[in-house]
1. How would you order 5-16, 70-81, 53-64 from highest to lowest mean count of nearby Cβ atoms within 10 Å?
2. Taking a point 7 angstrom from the Cα of Ala50 along the C-beta vector, which residues in the range 6-31 have backbone N less than 15 Å away?
3. Among Val25, Val38, rank each residue by its count of other Cβ atoms within 10 Å, from fewest to most, as a rough exposure measure.
4. With axes computed from alpha carbons, what is the tilt in degrees of helix 50-65 against the longest principal axis of the chain, rounded to the nearest 10 within 0 to 90?
5. Determine, from the Cβ-Cβ distance of Val65 and Ala26 and an R0 of 25 Å, the FRET efficiency 1/(1 + (r/R0)^6), rounded to the nearest 0.05.
6. Which value at 222 nm does the chain reach when only helices count, each DSSP H run of 4 or more adding -39,500 (n - 2.57), with the total divided by all residues and rounded to the nearest 500 deg cm²/dmol?
7. Kindly list the residues of the range 32-61 that lie in the label zone of Gln73, defined by a backbone N under 18 Å from the point 7 Å along the Cα-to-C-beta vector.
8. Would you indicate which of (1) -0.36, -0.67, -0.78, -1.16; (2) -0.41, -0.68, -0.77, -1.17; (3) -0.53, -0.89, -0.98, -1.22 is the value of log10 I(q)/I(0) by the Debye sum over Cα atoms at q = 0.10, 0.15, 0.17, 0.24 Å⁻¹ derived from the coordinates of this structure?
Amino acid sequence: MFTSEGRITIDAVRALRDLGLRRRVAVVGFGAVANGDVFEPGLTVVEHDATELGRVAAELLFARVDGFDGPPQQIVLAPRLVARGLGELPAPVAAA
């Protein structure tokens, strides 16, 4: 399961726990989740640098305000996978 925001991630993990599925469904959250390392297993997340994202967006905005009328730009900021265990569940073993 991939969740898009910290609070949604926490709620998804809680729902999986309540359903008894926590160790059967892998979860990867997007964005930093407070105390994600204290989950058991730890919560795997894809983190992005919000400060850098805001800086780049502000630079592009101010360039437009200052009169830049060139084509739209696509800037990709690389995210970082923080693997802590919940997103890396082992594959089920086939019955013999």
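Values in this text are rule-based calculations from the coordinates and carry no lab data. No experiment lies behind these values; they were computed from the predicted model shown. Cβ sites come from the backbone with ideal geometry, for glycine too, and all protein chains shown count toward neighbours.
1. Result, highest mean first: 5-16, 53-64, 70-81.
2. 6-10, 30-31
3. Val38, Val25
4. It works out to around 30 degrees.
5. 0.05
6. Calculated mean residue ellipticity at 222 nm is -10000 deg cm²/dmol.
7. Residues 49-61 fall inside that zone.
8. Structure-derived value, by its label: (2).
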